[in-house]
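Trainee: Below you will find the structure I want to go over with you.
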Amino acid sequence: MGFFRWVSLIIIFHFFAATRVISDSSLSSIPTKFLNFAKNPEVSNWMVAIRRKIHENPELGYEEFETSKLIRAELDKLGISYKYPVAITGVIGFMGTGQAPFVAIRADMDALPMQEMVEWEHKSKIPGKMHACGHDAHVTMLLGAAKILKEHEKEIQGTIVLVFQPAEEGGGGAKKILDSGALENVSAIFGLHVAPNMPIGEVASRSGPLLAGSGFFEAVISGKGGHAAIPQHSIDPILAASNVIVSLQHLVSREADPLDSQVVTVAKFQGGGAFNVIPDSVTIGGTFRAFAKETFLQLRQRIEQVITGQAAVQRCNATVDFLDEEKPFFPPTVNDGNLHKHFRKIAGDLLGVDKVNDMQPLMGSEDFAFYQEVIPGYFFMLGMEDASVERLQSVHSPYFKINEDAFPYGAALHASLAASYLHEFQQDVPVVEVNHHDEL
Ligand SMILES: [Zn+2]
Ligand SMILES: [Zn+2]
């Protein structure tokens, strides 16, 4: 190799080395920079106002029309382009270059069919509907992330996809977003959930299985109604249903591997209305949970066998419905190992390494799992409890409250995870020239 080629190689090497140093230092400054921006009262108060507006007008799955309108209005104000409608009420925003790599950050939008019992200025104005799972906060923090990222859009080395998703609470909105093809080029996705019993400024998650797969069932057990004092002329579905429930409890205790966590719960029992009448039929229903798909399918099969078989012992007929349409099976939420390392680094820079906790898997479930079946994904819990002020009730409680001071952390985490991901991983992903309006 000639002298001049060596010289030019050395120059090229130094040029790249210098670029790398600059990008490394700017990379580690992203989390603090973003958090400081989000903590700015102008930004944090803006988030609080958005959240209170959404909280006052809770909407159930696939009915989030006003929430969706509010999101689009804020994206318009920020000058962020988006696609709408996706999965009925969903909104997908785009920021950055419009080119690969693509990384997504997601928030769910729906409320629950329950009455809010917290008396405060911004209480739900819709009787029987409430944001009791914090999805109003999730939407707010994703908008907060959008605001942060807009301010630093020139630094985005790829495209950040903002996923405002409908119908998390049993409606499988995530699946509908995927079916729309909206996330086809996305190489990683991040999501969070507020955690009312974890201190504010802390986060928790783990690599691998985090939340269980979940399914529902409903069974109608039919006998023959009649006078309660002449049981020999009836076929009693109440007794049959009672035996079914007891037998279902043997599935986990006697058939499951004790080291493979599973749950079967019968939470619904409806039948009869009088003290002296044996009803014609009884309806029971419940949920079942497991961490592995095979275990889940096995459980599903045995639930059906036990219900029909045990009902027959009592001379009843039974039909079992797994509600595949209304309440589709949620797969287990399984976090990607590389994204776990990325999360620990970014959250550690943003909050301090001692604030990033490892958590045990939970039997709860999340439809974020649908994304993780096709895209490497990462889901984590965002603490919001300030014990010196008050203890917060768990999610789905009518007394559930949000600590709005957690918003800057959630917004900055979303923004930092996505922006740093693009910085770190852009070299590994082939650059595809695409117009994101068409492709995504
Ligand atoms: Zn929920
Ligand atoms: Zn939730």
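The values are calculated or read from the model by the stated rules, or taken from the named source; none is laboratory data. Because the structure is predicted, anything quoted here is derived from the model rather than measured. Backbone-built Cβ (ideal geometry, glycine too); neighbour counts: all protein chains shown.
Trainee: Among all residue pairs at least 6 apart or on different chains, which show Cβ distances below 8 Å where the first residue, located in segment 139-165, is in the same structural domain as Asn57 (by TED's automatic domain parsing) and the second is of a type in the set (Ser, Thr, Tyr)?
Mentor: Once the first residue is in the same structural domain as Asn57 (by TED's automatic domain parsing) and sits in segment 139-165, its partners that are of a type in the set (Ser, Thr, Tyr) give Val139/Thr67; Glu155/Ser26; Ile156/Thr97; Gln157/Thr97; Gly158/Thr97; Thr159/Thr97; Leu162/Tyr82; Phe164/Ser68.
Trainee: Can you name the residue in segment 102-123 that is more than 16 Å from ligand 1 (Cβ to nearest atom) and within 26 Å of Ala188 (Cα to Cα) and is also nearest to the chain's Cα centre (by Cα) among such residues?
Mentor: Checked segment 102-123; the qualifying residue nearest to the chain's Cα centre (by Cα) is Ile105.
Trainee: Right, something else. Scan segment 372-390 for residues that are among the small types (Gly, Ala, Ser), surrounded by 19 or more Cβ atoms within 10 Å (Cβ to Cβ) and over 12 Å from the mean Cα position of the chain (by Cα) and jot them down.
Mentor: Once the filter is applied, which keeps residues that are among the small types (Gly, Ala, Ser), surrounded by 19 or more Cβ atoms within 10 Å (Cβ to Cβ) and over 12 Å from the mean Cα position of the chain (by Cα), segment 372-390 yields only Gly383.
Trainee: Name the residue that is nearest to His340 (Cα to Cα), counting only residues in segment 369-399 that are within 14 Å of ligand 1 (Cβ to nearest atom) and hydroxyl-bearing (Ser, Thr, Tyr).
Mentor: Top of the filtered list is Ser394.
Residues checked against (1) touching a Cys at 6+ places or on another chain (Cβ under 7 Å); (2) under 30 Å from Ala137 (Cα atoms):
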| site | (1), (2) |
| --- | --- |
| Ala182 | no, yes |
| Ala195 | no, yes |
| Ser214 | no, yes |
| Pro231 | no, no |
| Pro237 | yes, no |
| Ser247 | no, no |
| Asp257 | no, no |
| Gly271 | no, no |
| Ser281 | no, no |
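Trainee: Counting only residues that are surrounded by fewer than 19 Cβ atoms within 10 Å (Cβ to Cβ) and farther than 18 Å from Asp108 by Cα, how many does segment 356-371 have?
Mentor: 7
Here is a yes/no grid of residues against (1) on the phi > 0 side of the Ramachandran plot; (2) part of a strand (DSSP E or B); (3) in contact with a Phe, Trp or Tyr (Cβ under 7 Å, 6 or more places away or on another chain); (4) in the same structural domain as Ala369 (by TED's automatic domain parsing):
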position: Val263; (1), (2), (3), (4): no, yes, yes, no
position: Ala267; (1), (2), (3), (4): no, yes, no, no
position: Ile284; (1), (2), (3), (4): no, yes, yes, no
position: Gln301; (1), (2), (3), (4): no, no, no, no
position: Val306; (1), (2), (3), (4): no, no, no, no
position: Gly309; (1), (2), (3), (4): no, no, no, no
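Trainee: Mind checking which strands (runs of 3 or more DSSP E) fall wholly inside segment 37-116 and carry at least 3 residues that are not hydrophobic (A, V, I, L, M, F, W, C)?
Mentor: Working: elements: 81-86, 90-96, 102-108.
Of the strands (runs of 3 or more DSSP E) lying wholly inside segment 37-116, those with at least 3 residues that are not hydrophobic (A, V, I, L, M, F, W, C) span 81-86, 90-96.
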